[in-house]
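Chemist: Let me begin by handing over the structure; questions about it come next.
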Amino acid sequence: MKPCQMLATKTKEIINNINFKIKSRKNETDFTRNRKMPFEELMLYMLFSYKCSTASALRRFFDDLHKPTHMTQRSLSEACIKVTVEAFKILYNLTAETMTEHYKIKWHGYRIYAVDGSKINLPADKKLAEHYGTIGRGHIYPRQPKTQSFTTY
């Protein structure tokens, strides 16, 4: 199995794992009821990179799943707020470990990583806001940091 296929399989396994779900919610009652977009689908939605408006992205996402269900942007935002930062740390570490394990070629002793400049909308989370600062009406949405630092292995 190729590394990217392996990463996709592992990511799917983690997202569908009940322990990951429990670690990824802010409150015990989050993601306990049946909703239009359950936790697993919400995580997939947030990992996909739709380059369009939120309304269009939601429509495309449900179409891709062959589900007639649609939800409002507000419902999506309310669901995203319930996911902890730790969920993304776990998925990030999985990606880093998988790629580091399978791509051993180095240039002058360094692994080379590329960044494409994509921006991800982060949920309005207090820890993220403290770390990145904020933008938007009411200054509640985390913003991209002014400087980036990268670690090479």
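The values are calculated or read from the model by the stated rules, or taken from the named source; none is laboratory data. Small disclaimer: the values here were computed from a predicted structure and weren't measured. A quick note on method: Cβ atoms are made from the backbone with ideal geometry, for glycine too, and the neighbour counts reach across all protein chains shown.
Chemist: When you go through Leu7, Leu65, Leu76 one by one, which is the residue that is aliphatic (A, V, I, L, M) and closer than 30 Å to Thr100 by Cβ?
Modeler: On inspection, the qualifying residue turns out to be Leu7.
Chemist: Restricting attention to segment 74-106, which residues are modelled with pLDDT of 85 or more and hydrophobic (A, V, I, L, M, F, W, C)?
Modeler: Leu76, Ala79, Cys80, Ile81, Val83, Val85, Ala87, Phe88, Ile90, Leu91, Leu94, Ala96
Chemist: From the list Lys26, Lys12, Lys89, which one is under 23 Å from Pro142 (Cβ atoms), surrounded by 13 or more Cβ atoms within 10 Å (Cβ to Cβ) and charged (D, E, K, R)?
Modeler: Testing whether each residue is under 23 Å from Pro142 (Cβ atoms), surrounded by 13 or more Cβ atoms within 10 Å (Cβ to Cβ) and charged (D, E, K, R) leaves just Lys26.
Chemist: Which residue pairs have Cβ atoms closer than 7 Å, lie 6 or more positions apart in sequence or on different chains, and pair a first residue in segment 42-54 that is under 14 Å from Ser75 (Cα atoms) and polar (S, T, N, Q) with a second residue that is surrounded by 14 or more Cβ atoms within 10 Å (Cβ to Cβ) and at pLDDT 80 or above?
Modeler: Thr54/Leu76
Chemist: Just for helices (runs of 4 or more DSSP H) wholly inside segment 1-52: which have at least 3 residues that are in contact with a Leu (Cβ under 7 Å, 6 or more places away or on another chain)?
Modeler: 3-15
Chemist: Which pairs have Cβ atoms under 6 Å, sit 6 or more apart or on different chains, and link a residue in segment 81-101 that is closer than 18 Å to Asn17 by Cα to one that is among the small types (Gly, Ala, Ser) and modelled with pLDDT of 90 or more?
Modeler: Val83/Ser24; Thr84/Ser24; Ala87/Ser24
Chemist: Additional query: State all residues of segment 28-56 that are over 15 Å from the mean Cα position of the chain (by Cα) and small (Gly, Ala, Ser); if no residue qualifies, say none.
Modeler: The answer is Ser53, Ala55, Ser56.
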